[in-house]
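Q: Encoded as structure tokens, here's the structure I'll be asking about.
The values are calculated or read from the model by the stated rules, or taken from the named source; none is laboratory data. All of these numbers come straight from a predicted model, not from anything done at the bench. Every residue, glycine as well, gets a Cβ built from its backbone with ideal geometry; the counts of neighbours run over all protein chains shown. Only protein heavy atoms, including side chains, enter the accessible area calculation; ligands, DNA and RNA are left aside. Shrake-Rupley method; radii C 1.70, N 1.55, O 1.52, S 1.80 Å.
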Amino acid sequence: MLPFKLVYSERYFLPIGEHIFRADKYRMIRDLLLQQYVADESDFIVPQPASEADVLLVHSPHYINKLMEGGLSAREELEMEIPYSPQVVEVFMLHTGGSILAAQQALKDGACINLGGGFHHAFPEHGEGFCMINDFAVAIRVMQKRGLIGRAMTVDCDVHQGNGTAFIFGNAARRPDKLPSWSAATLGAPQDPPITEGRGKDVFTISLHQENNYPFVKPPSSIDVNLPDGCGDAEYLAWLDNALSSALRQFVPELICYVAGADPYREDQLGGLNLTIDGLKRRDELVFRAAHAHDIPVMVTLAGGYARRVEDTVAIHANTVLAAAEVYQPRRDEAHTA
Ligand SMILES: [Zn+2]
């Protein structure tokens, strides 16, 4: 049994037809976790769809009406890059309910993983890049509205910048500050560090992403790490470590929303970074260790993953659960002395 819950529904599958976004990955991840005895049936909890009132904490009534009534323009549908149908809207509402449940459960158990969600390209007024509803932004606003948290931090490690999230939690204009503890020379990183920082408010947003990739307009996050093409494990992990320590020095959240995209993988069809499957697992561990060390609850969403072999995407996502299990599992010696 895992020391945290996994949120999953059989209805997470998105009916979008043949697509580079393999919506069957959710079921495959669940099956793999069970087959490999990482998880058992009792580790899973089933979400309810988010309510309209919940999603209206982030999205405009005008946009939600269009989703519910089928009133998107052809251009809006094109921008979404997935076909519209009322069924697809229902699935996004369910993933959003999953992220709300994961946030709530993380506050109770210290960690929780939604085996879905991470739709960080959804804006208040429109969706884009396979994202219709910004599920974890909604989850943060719901937790705040219920008085369960005041401040949250998003740590977005998808290969694409979290433009919707950055916009929703709106930050001041970019300030191209260098982080104080960074020594670029030691890791052979570019001399001009690819980090910019803005000011957070009640939600501090971090995004590590490939600079030369979608979205081409990147609204400023609190910290953006604009990585060069081909960035590999060591360099990536150093930047992540740096961004996390800088963020946690300036901001103390009561909840971390970790967006664990599988698409920084070297074999990803929509990404241009060069991380290995092992490097991605170490990335996950780094985030969990930072959250654990600061005693900050962490909820996880999966976000993107478009590896040539869908099995790789599935393995990377399943490894996120393994990494969390390794960090949160009480060690045997601790369990005896506790
Ligand atoms: Zn992505």
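Q: Determine the share of segment 1-78's accessible area contributed by carbon and sulfur atoms, expressed in whole percent, with a 1.4 angstrom probe.
A: Carbon plus sulfur share of accessible area: 53 percent.
Q: Over every pair of different alpha-carbon atoms in segment 114-159, take the mean of 1/r and invert it; report that Kirkwood radius in Å.
A: Roughly 11.5 Å, rounded to one decimal.
Q: Among rounded, prolate and oblate, which fits segment 1-124 when a ≥ b ≥ c are the square roots of the eigenvalues of its C-alpha gyration tensor, a/c under 1.5 means rounded, and a/b larger than b/c means prolate?
A: Cα axes put segment 1-124 in the oblate bin.
Q: In segment 88-131, whose amide N lies under 18 Å from the spot 7 Å out along Cα-to-Cβ of Asn65? List them in ranges.
A: Residues 124-127 qualify, since their backbone N sits under 18 Å from the label point.
Q: Given a 1.4 angstrom probe, what's the average accessible area per residue across the chain, in square angstrom?
A: Heavy-atom accessible area per residue stands at 40 Å².
Q: Could you state how much accessible area Val91 has, in square angstrom rounded to the nearest 10, with a 1.4 Å probe and all protein chains kept in place?
A: Approximately 10 Å² for this residue.
Q: Taking every pair of distinct Cα atoms and averaging 1/r, then inverting, what Kirkwood hydrodynamic radius in Å comes out for the chain?
A: About 19.7 Å for the chain.
Q: Same structure, new question: I want the antiparallel fraction of DSSP beta bridges within the chain, as a percent rounded to 5.
A: Of those bridges, close to 20 percent are antiparallel.
Q: How would you classify segment 64-149 from its alpha-carbon gyration tensor, with a ≥ b ≥ c the square roots of the eigenvalues: rounded for a/c under 1.5, else prolate if a/b is greater than b/c, otherwise oblate?
A: prolate
Q: Work the Kirkwood hydrodynamic radius out for segment 224-275: mean of 1/r over every pair of different alpha-carbon atoms, inverted, in Å.
A: Evaluated on segment 224-275, it is 12.3 Å.
Q: Please work out the Cα center distance from segment 263-337 to segment 1-55, rounded to the nearest Å.
A: Going from one Cα centre to the other spans 16 Å.
Q: A follow-up question, please. Can you give the FRET efficiency for Phe21 and Leu56, using 1/(1 + (r/R0)^6), R0 = 25 Å, r = Cβ-Cβ distance, to the nearest 0.05?
A: 0.45
Q: Related question: Hey, got the dipole for segment 278-334? About the Cα centre, +1 on K and R Cβ, -1 on D and E Cβ, debye to the nearest 20?
A: 180 debye
Q: Assuming a viscosity of 1.567 mPa s and a temperature of 4 °C, what translational diffusion coefficient in µm² per second does Stokes-Einstein assign to segment 244-338, Rh being the Kirkwood radius over Cα pairs?
A: Translational diffusion coefficient: 90 µm²/s.
Q: Using a 1.4 Å probe on the protein chains only, how many percent of the accessible area of segment 219-258 belongs to carbon and sulfur?
A: Percent of accessible area from carbon and sulfur atoms in segment 219-258: 55.
Q: Mind grabbing the accessible area of Arg249 for me, 1.4 Å probe, Å², rounded to tens?
A: Its accessible surface works out to 140 Å², give or take rounding.
Q: Give me the accessible area of Phe130, 1.4 Å probe, in Å² rounded to the nearest 10.
A: 20 Å²
Q: Would you work out what percent of the accessible area of segment 84-123, with all protein chains in place, is carbon or sulfur (probe 1.4 Å)?
A: 53 percent
Q: Further question on the same structure: Taking 0.36 nm per intervening residue step and subtracting the Cα-Cα distance, what contour gain separates Asn212 from Phe13 on full extension?
A: 68.6 nm
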